[in-house]
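Please treat every number below as a calculation from the coordinates, not as lab data. Given the structure is predicted, the values throughout are model-derived calculations rather than measurements. Methodologically, a virtual Cβ is constructed for each residue, glycine included, from the backbone with ideal geometry; neighbour enumeration extends over all protein chains shown.
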Amino acid sequence: MNLIISGTNREKSNSLKIANYYLEQLHTKGDDQWEILSLKDVPHMLAFTDLYGKRSPAFEPIQARISEARKFIFIVPEYNGSFPGILKTFVDACAFPASFFHKKAALVGLSSGKYGNIRGIDHFTGVCNYMRMHVLPLKIHLPQVQNELDAAGQLPDELTKKFVNEQIDEIIRF
Ligand SMILES: Cc1cc2nc3c(=O)[nH]c(=O)nc-3n(C[C@H](O)[C@H](O)[C@H](O)COP(=O)(O)O)c2cc1C
């Protein structure tokens, strides 16, 4: 299965809501080859149990899902002007280079502020390219995401929906 990675372990995060929206839209379009991997489900001691050659039994099934996936959608919230530390720790914990080498990534940035993680998505593009990933040129930024999502986890704004829809079509063809 391909993976939509919700890039934070924050409880009740908007990133996970956006991840669910992407999953629902992919299924609606007939692509059922996707699952969500939320960073709230990684081992809580990840930084001590799964870096620098260590591997915990709890991370093994996560590594297996990463190894199997060919495409990833990273949903990346803006934390202090960049992507979250937990996302970098997660990437560092994954087997290198096999996890991401020559695979495909689409990036979605979001924030409660005005910029939709433009800078963090640029930073994370550099990380993806270092890992030899092909990054879909169409990146989505969702500033003031709290105003974009409705109570049902939908994106009511027509323009937002149009761009997200375009990206999802490109991800399917990627
Ligand atoms: C540690 C931390 C740092 C943050 N820094 C920023 C920031 O630099 N700019 C911004 O617009 N929002 C910032 N936010 C707010 C997030 O963008 C906001 O939580 C948003 O809903 C997306 O992240 P979420 O998935 O955690 O909900 C920050 C949130 C946290 C928890």
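Give, in nm to one decimal, the length gained when the segment between residue 174 and residue 68 is fully stretched (0.36 nm per residue of separation minus the Cα-Cα distance).
36.5 nm is the gain from fully extending residue 174 to residue 68.
Given the DSSP H assignment, sum -39500 (n - 2.57) over each helix run of at least 4 residues in the chain and divide by its residue total; what's the result at 222 nm in deg cm²/dmol, nearest 500?
For the chain, the value works out to -12000 deg cm²/dmol.
Please compute the Kirkwood hydrodynamic radius of the range 118-174 from all pairs of different C-alpha atoms, in Å with one decimal.
After inverting the pairwise mean of 1/r, the radius is 12.9 Å.
Given a Förster distance of 22 Å, report the FRET efficiency between residue 144 and residue 118 from their Cβ-Cβ distance, rounded to the nearest 0.05. Could the numbers behind the result be given before it?
On the way: r = 13 Å, r/R0 = 0.61.
It comes out at approximately 0.95.
Given a Förster distance of 22 Å, report the FRET efficiency between residue 56 and residue 1 from their Cβ-Cβ distance, rounded to the nearest 0.05. Walk me through the intermediate numbers first.
Details: r = 22 Å, r/R0 = 1.00.
The computed FRET efficiency comes out at 0.50.
Tally Lys and Arg at +1 and Asp and Glu at -1 over the other residues with C-beta under 13 Å from the C-beta of residue 90: what net charge comes out?
Value of the local net charge: 0.
Would you mind calculating the relative contact order of the range 2-173 from Cα pairs under 8 angstrom and at least 6 residues apart, reporting the percent as a whole number? Display every interim value, and only then the final one.
Working: 285 pairs, mean separation 38.6, N = 172.
In percent, rounded to a whole number, it is 22.
Can you pull the one-decimal nm distance between simple spin-label points at residue 12 and residue 31, each 7 Å off the Cα toward Cβ?
3.2
Given C-alpha coordinates of the range 2-173, what is the ratio Rg to Rh with the Kirkwood estimate of Rh? The partial results should precede the final answer.
On the way: Rg = 15.2 Å, Rh = 16.1 Å.
Rounded to two decimals, Rg over Rh is 0.94.
Rounded to the nearest 5, what is the percent of antiparallel bridges among the DSSP beta bridges in the range 2-173?
Antiparallel bridges: around 5 percent, rounded to the nearest 5.
Quick check: residue separation of residue 49 and residue 159 times 0.36 nm, minus the Cα distance between them. What number comes out in nm?
Result for the pair: 35.3 nm of gain on full extension.
I need the fraction of alpha carbon pairs in the range 2-57 separated by more than 18 Å, rounded to a whole percent.
45
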